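Each reported figure results from applying straightforward, stated rules to the coordinates on display, with no laboratory input. The structure presented is a predicted model; accordingly, all values stated were derived computationally and were not measured. Positions of Cβ are generated from backbone atoms using ideal geometry, with glycine treated the same way; all protein chains shown enter the neighbour counts.
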């Protein structure tokens, strides 16, 4: 059901506007309205509040996040965090921003320089590792490399399948350097050839240009290593790596010390600044005068007392919350807040598939919570399948606790598994007819019918259609109530007329089928004759045409029988096919696989068709939608909040 909403006006001194807004934000109970909608545009007493400092606040958050990206994460001390939070909780936005800017000024450049230095060091280690690997690969060629002053050494790495490139490079090198070069190559592993070129430095640009045009992987060894014996160069590289790693460790230690000193305070400031940013972004909906601030919005009735109490605790009588009179037109557009019992809550998931109801409409969630499990249970109707669905849902809830949408779906499956087991007992089904074959259970004999679904197809069809009639009548009844509460005479006539016509048609069909006595013929005709004009008054020609559509809606409920029958047949196929196998193990495997497939289908297909029966057939009889969900001004998922008002006297 939808919670009753109260239109309220909060008025207080302008000098306390930040504290008033922050208290309302922390409470998280008020759905803000634009206060300018409630006074004339030429009214100079109140005007909308301007946005202030939003860009500066955003810049501060970006800088704090930048520091967080650099410093290591520290486990927060809950008591220490609360202590710092209490220290800053009631500071003005300007004071909070000044403190944040001070810390950012102290840490931003220092942490950025350390991060840049660490990044450069890591790149240097990668380069040194590369040089070392190359030197180790061409170590065997060292004796063939001449040591000459003024000459450059370049290493080329070539895959063996492209060795012909060497024959192209050699004559070009000879031509460029006027034969003043050495060109040595050798296999260094099963896939790679290394070629070392030694040439006069004055030909460096031309040689490198040649190598580039050949698309060869060239490695230039730094001069400080190229002039050393490879063994000495490798030792020097290892020493340099050690020095750099020690430097990185020192940087990490310094960053850790910074994090230890500042993490908690930065965390508190970030939290408060984010809150203030959201508060400031809402200022456009507030009103102000020279001395007063005005905030208007909707509060669920269940949170009204709490909100008043907290405002009084912080401000005493300096801030007043007043309940405002509401016109019918404004009530129509009030936000909607679902306030259902725990067993209904999961079924609010299906309300996300359509637009929210209008405030004066009936919330259909409780009706779905009743009929969805019943329809699901009638369709699946198997004790074994119900137990499997129940077990699967419990496991999924345990493994994926963080996925709220999945938790809701699994709660729906858990609730629906109960009528599935009940109807399974009624039908005598345990993994199809396996339970009956084993002599464990049999279909129940009730109302003169043995409820074996394969033998009771006609009774199952009658049951499905009867449920459809009842479901549609419930929808039309809700439609009547909605029309009455919204004072819509046309809709009231249309819904009452549709109920009357359906009653008359059902009586006529009952007479034809022999279920009703002939004496009701005249009353049935009179009911139809009287109520068709009501439909025409309420819905016009389209309303009269809707009679046939409604009859079609009722017949759609036959799918409850049809889908359930398909599930029974597949279960029987699994049992018969498994039992027909000469190898027992193979038969068990086949039966298990087919039953598993049927259980998967039993979770999805009945759910989809049951949802369709509600949204298409049921909702069309009363549901308009187009409402606005209740979105309180405050942090997501914390309704209602408790305001900490220690040390208020200091402010």
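A few remarks follow.
- With the helix formula -39500 (n - 2.57) applied to DSSP H stretches of n ≥ 4, the chain reaches a computed 222 nm mean residue ellipticity of -20500 deg cm²/dmol.
- Relative contact order (%) - criterion: Cα under 8 Å, at least six apart; region: the chain: 22 percent
- Listed by Cβ neighbour count within 10 Å, with the fewest neighbours leading, 557, 131, 256 appear as 256, 131, 557.
- Overall, the anisotropy analysis places the range 345-621 in the oblate class: the square-rooted eigenvalues a ≥ b ≥ c of its C-alpha gyration tensor yield a/c not less than 1.5, with a/b not exceeding b/c.
- Neighbour counts of C-beta atoms inside 10 Å place 607, 75 in the sequence 75, 607, starting with the fewest.
- With respect to the chain, whose longest principal axis is taken over its alpha-carbon atoms, helix 365-380 is tilted by about 90°.
- Residues 351, 460, sorted so that the one with the fewest Cβ neighbours within 10 Å comes first: 351, 460
- Dividing the radius of gyration of the alpha carbons in the chain by their Kirkwood radius gives 1.18 for Rg/Rh.
- Crossing angle, helix 559-580 versus the chain [Cα axis fit, 0-90 degrees, rounded to tens]: 60 degrees
- Helix axis angle, 457-485 relative to the chain longest principal axis, alpha carbon, degrees: 90 degrees
- Overall form of the range 489-637 per C-alpha gyration tensor (a/c, 1.5; a/b vs b/c): oblate
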